[in-house]
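Shown next, in structure tokens, is the structure this report addresses.
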Amino acid sequence: MPQQTRRRVARPRRYLMCRPEHFDVTYSINPWMRPEKPTDTGIAVLQWERLRNLYLGLGHQVELIDPIPGLPDMVFAANGATVVDGRVLSARFRHEQRVPEGPAYLKWFADRGYTTRDAEFVNEGEGDYLVVGSRVLAGTGFRTDRRSHAEAAEFFGREVVPLELVDPRFYHLDTALAVLDDDEVMYYPAAFSAESREALRALYPDAVLADDHDAEVFGLNAVSDGKHVLLAQEAVGLADELVRRGFSPIGVDLSELLKSGGSAKCCTLELRGGPGQ
Ligand SMILES: CN(C)C(=N)NCCC[C@H](N)C(=O)O
């Protein structure tokens, strides 16, 4: 069926978020981070609250993890773990500044009775693991160690498709690719190696492709519930194409968090399945 005639249905989601009470840019571990530029924690909190209220207004559940002083990037909950069928693979961060976030998120899950695994290899949670239907797309190149992909495949019992990122501005998979539905994605081809571009073309021949501008404003760091797609408000080309395909895009302003290299998806960890599954 042509994409534009599909009726889009929202599925209620459960998300984990972390209020950016200690947000700041005090170090630089990606090309967007400029510690010399001022940040405003109050604005970051306001922008984040709007995102959270949008989720609640759409009928989704939002759980919260307490922010920890001294961990300014902890707001990026998507990096904190990967949750599939109630099974939680912990994050193991590449840069020392973020290493303590892994155990903090893992504890949140363990305290609530989830089945957890303390990851053996470096991986940055849903920053590099994206679930598309029964398949998991897995980024590597800048953060997540390739060896983590086999660990994730074994732990989740799912097919894991490796994708290599080649542009340091798009250092996590979820800065270059967004999941729209169980069989649809949008992505920025130039962020991937030739081999990975080929793999994506074969898997998703009808994917929405982002242009340079929309990728650079982090339009692909988007969250979809199957109908509503929350994405950076500046990504107007992507929003137009999403409307054409029957989705309802909702523009969000997360300009303060972009100073650390994150947007809507980075702030949002999807909880797929609950404890005891
Ligand atoms: C897309 N996701 C989840 C992210 N891109 N996360 C943002 C991480 C930002 C942080 N300063 C870092 O460089 O790790």
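For this structure, a couple of remarks:
- Cut-off under 5 Å, modelled amide H: who pairs with VAL161 long-range: VAL136, LEU137, ALA138
- Directionally averaged shadow of the stretch 98-171, computed from the convex hull of its alpha-carbon atoms, nm²: 5.3
- For the chain, the 222 nm mean residue ellipticity estimated from helices alone, with every DSSP H stretch of n ≥ 4 adding -39500 (n - 2.57) and the total spread over all residues, rounds to -7000 deg cm²/dmol.
- Accessible solvent surface per residue of the chain, calculated while the other protein chains remain in place, 1.4 angstrom probe, Å²: 40
- Portion, in percent, of the accessible area of the chain that falls on carbon or sulfur, probe 1.4 Å: 50
- Mean Cβ neighbour count within 10 Å, used as a protection proxy, ranking 117-125, 103-111 highest first: 117-125, 103-111
- Gyration tensor (alpha-carbon) shape descriptor, the stretch 173-252, a/c threshold 1.5: oblate
- Karplus 3J(HN,Hα) series, Hz, for the stretch 118-127 with 6.51 cos²θ - 1.76 cosθ + 1.60 (x for Gly, Pro): 7, 4, 7, 10, 4, 7, 10, x, 6, x
- Scanning residues 5 or more positions from VAL88 or on other chains, those with amide H under 5 Å from its amide H are THR115, THR116, ARG117, with H placed 1.01 Å from N in the peptide plane.
- Across the alpha-carbon set of the chain, the Rg to Rh ratio works out to 0.93, Rh being the Kirkwood radius.
The values are calculated or read from the model by the stated rules, or taken from the named source; none is laboratory data. Since the structure is predicted, the reported quantities are computational estimates derived from the model, not experimental observations. FYI the Cβ positions are ideal-geometry reconstructions off the backbone, even for glycines, and counts take in every protein chain you see. The accessibility values were calculated without ligands, DNA or RNA, using every heavy atom of the protein model including side chains. Shrake-Rupley method; radii C 1.70, N 1.55, O 1.52, S 1.80 Å.
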